[in-house]
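Structure record follows, encoded as structure tokens.
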Amino acid sequence: MNRVLKLLNQVDHILFGVKGILGVCKLVDMMIRKRDFDQYLYSALVLVVFLNHIDKTVTSSVSNVVDDEESISRFQHYLKINTAHPNPKYYEAADFIISQAKSLSLESQSIEFVQGKPLVLLKWPGKDSTLQSILLNSHTDVVPVEDTKWVHPPFDARVQNGNVYARGSQDMKCVGLQYLEAIRKLKHSGFKPLRDVYLSFVPDEEIGGHDGAAKFANSEVFDKMNVGIVLDEGLPSINDKYRVFYAERSPWWLLIKSTGAPGHGAKLYDNTALENLFKSIESIRRFRGAQFDLVKAGLMAEGEVVSVNMVALKAGTPSPTGFVMNLQPSEAEAAFDIRVPPTADQASLERRIAEEWAPTSRNMTFELGQFKQKVSAYDKFGQPVLTATDESNHWWSLLEGAITEANGKLENPEIFPASTDARYFRDRGLPAIGFSPMANTPILLHDHNEFLNKDEYLRGIEIYESIIKAYASFDDTKDSSKDEL
């Protein structure tokens with residue numbers, strides 16, 4: 001709808017110009033008939049100036065429409081590259097990103113911390129490389145799809161009712177291309193950054209980021225970049241306010257195992273493997289329910305509570321036709337995805353797991369080392385991994401101001417409910433903000449029929465244009481000199 005209104009507005013400008021031309025022509029004709037040649041010359045001059053103005057207005061309007069369509073076309077091109085696991089086409093994606101960098105005269109390099117997993121690093125040099133740089137991070141990989149459950153093929157990037165349907169349209173190929181398109185606009189306007197601006201397109205975020213952002217954030221390459229602020233992905237908003245994230249919950253992937261004496265399927269006896277496991281599951285469900293009640297009551301946001309979801313259950317003695325039905329198994333196990341906010345008491349949660357969810361008194365073989373993955377909610381300095389969202393953090397203030405300047409609105413900052421690559425940069429003690437400019441958009445990350453509206457995508461480019469300009473032109477040395485005085 002916004003694009004229709006925009007186009008109608010451009011047509012209105014053109015029609016207004018045509019009406020103006022006709023009006024001035026009538027005035028000139030009238031002056032000639034009255035033989036008022038001084039007024040005739042004046043009217044002719046007005047006509048020339050008016051025609052010149054209309055020519056520029058019409059040209060600008062048509063140019064904007066063409067630029068928007070080209071931006072959408074580049075977005076579709078990127079979406080069509082199948083970078084879904086388990087066999088992402090990383091090299092094809094890297095080639096596309098580097099080709100875009102060349103078209104913008106950006107410096108580029110492809111780095112492989114792990115063979116077969118290229119990380120593309122772009123640089124827009126600033127006037128003063130001694131200042132801390134800006135890093136705009138995004139990941140090139142996407143999660144797998146079930147093709148038959150999509151209304152359009154997930155890697156065709158087809159447009160229907162103004163929506164671009166494709167895996168990665170929200171998570172997060174949109175953001176990577178919005179960075180580039182914003183820089184394209186800034187360069188076209190003649191803007192030159194004071195600070196170095198880096199763009200990183202990293203692999204493997206969807207499977208933990210261990211061979212991508214994790215290695216990058218702890219590399220010599222990263223150390224030399226002198227990064228001061230990192231922008232990474234956020235989530236869509238279902239209303240007209242953008243969501244922004246200053247921290248995230250850490251993943252604890254827990255596997256609980258129980259043992260018990262096997263027995264006949266008809267026998268009733270205590271401490272079977274499944275009975276012990278179900279007691280643990282019930283305890284976990286009660287904890288989950290209490291945490292979820294806080295969210296449903298509006299007392300806490302989803303990212304502020306500890307979430308626990310059972311993702312796998314394994315038991316039974318296999319047989320050629322399925323399972324042995326008259327045998328109670330001697331082993332059973334369950335897997336849980338636990339997400340822990342940096343504000344939670346980690347030690348208390350670990351005690352709960354050891355004493356209530358998997359006690360040895362119920363023949364549970366759980367040990368703390370049995371986590372499939374356990375990421376601390378604290379950085380290497382022992383502090384909660386989060387980014388300040390007040391005046392103590394000038395990068396936050398600049399972000400707020402830039403979004404307001406672009407006529408955008410922000411929700412209150414949140415803790416991201418899942419995990420992103422931003423955690424690897426926060427672990428270094430760096431401020432990192434999660435932000436994906438998608439308003440009035442259903443949350444479809446990892447879902448069937450993921451899409452992003454074309455207008456929202458284009459609007460996001462304008463938002464990033466404002467943010468990058470504010471960040472890249474910020475001179476904190478002036479603030480420092482004032483403090484010293």
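Below is a table of values for the structure above.
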| item | result |
| --- | --- |
| Solvent-accessible surface ranking, highest first, for Y457, Y269 at 1.4 angstrom | Y269, Y457 |
| Packing-based order for 237-249, 325-337, using average beta carbon neighbours within 10 Å, highest first | 237-249, 325-337 |
| Karplus (6.51, -1.76, 1.60) ³J(HN,Hα), θ = phi - 60°, over the stretch 223-233, in Hz, Gly and Pro reported as x | 4, 6, 6, 6, 6, x, 8, 10, 10, 9, 7 |
| Estimated FRET transfer efficiency (S376, Q160; beta-carbon r; R0 30 Å; 0.05) | 0.10 |
| Calculated FRET efficiency for the pair K187/N226, C-beta based, R₀ 30 Å, to 0.05 | 0.85 |
| Segment T477-H448, length gained on full extension (0.36 nm per residue, minus Cα span) | 5.6 nm |
| Residue-span extension gain [E400 to H210] - 0.36 nm each, minus C-alpha spacing | 65.3 nm |
| Label-to-label distance, nm, for residues given as V114 and M310 (7 Å Cα→Cβ offset) | 3.1 nm |
| Cα centroid of the stretch 275-331 to Cα centroid of the stretch 433-474, whole Å | 36 Å |
| Difference of contour (0.36 nm per residue) and Cα-Cα distance, H85 to D345 | 90.2 nm |
| Of K102/K123; K123/K224; K80/K185, those spanning more than 21 Å from alpha-carbon to alpha-carbon | K80/K185 |
| The stretch 232-382, relative contact order in percent, only Cα pairs under 8 angstrom and at least six apart counted | 37 percent |
| The stretch 177-296 - percent of accessible surface contributed by carbon and sulfur, probe 1.4 Å | 54 percent |
| ³J(HN,Hα) computed for each position of the stretch 317-333 - Karplus, 6.51 cos²θ - 1.76 cosθ + 1.60, integer Hz, glycine/proline x | 9, x, 9, x, 9, x, 9, 6, 7, 9, 9, 7, x, 8, 9, 8, 8 |
| Solvent-accessible surface ranking, highest first, for K257, K454, K314 at 1.4 angstrom | K314, K257, K454 |
| Derived scalar couplings ³J(HN,Hα) [the stretch 242-251; Karplus, 6.51 cos²θ - 1.76 cosθ + 1.60; whole Hz; x for Gly, Pro] | 7, 8, 9, 10, 10, 7, 8, 7, 8, x |
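The values are calculated or read from the model by the stated rules, or taken from the named source; none is laboratory data. Model, not experiment: these values are computed from the prediction. We place every Cβ from the backbone using ideal geometry, glycine too, and count neighbours over all the protein chains shown. Please note that ligands, DNA and RNA were not included when accessible areas were found on the heavy atoms of the full protein model with its side chains. Shrake-Rupley method; radii C 1.70, N 1.55, O 1.52, S 1.80 Å.
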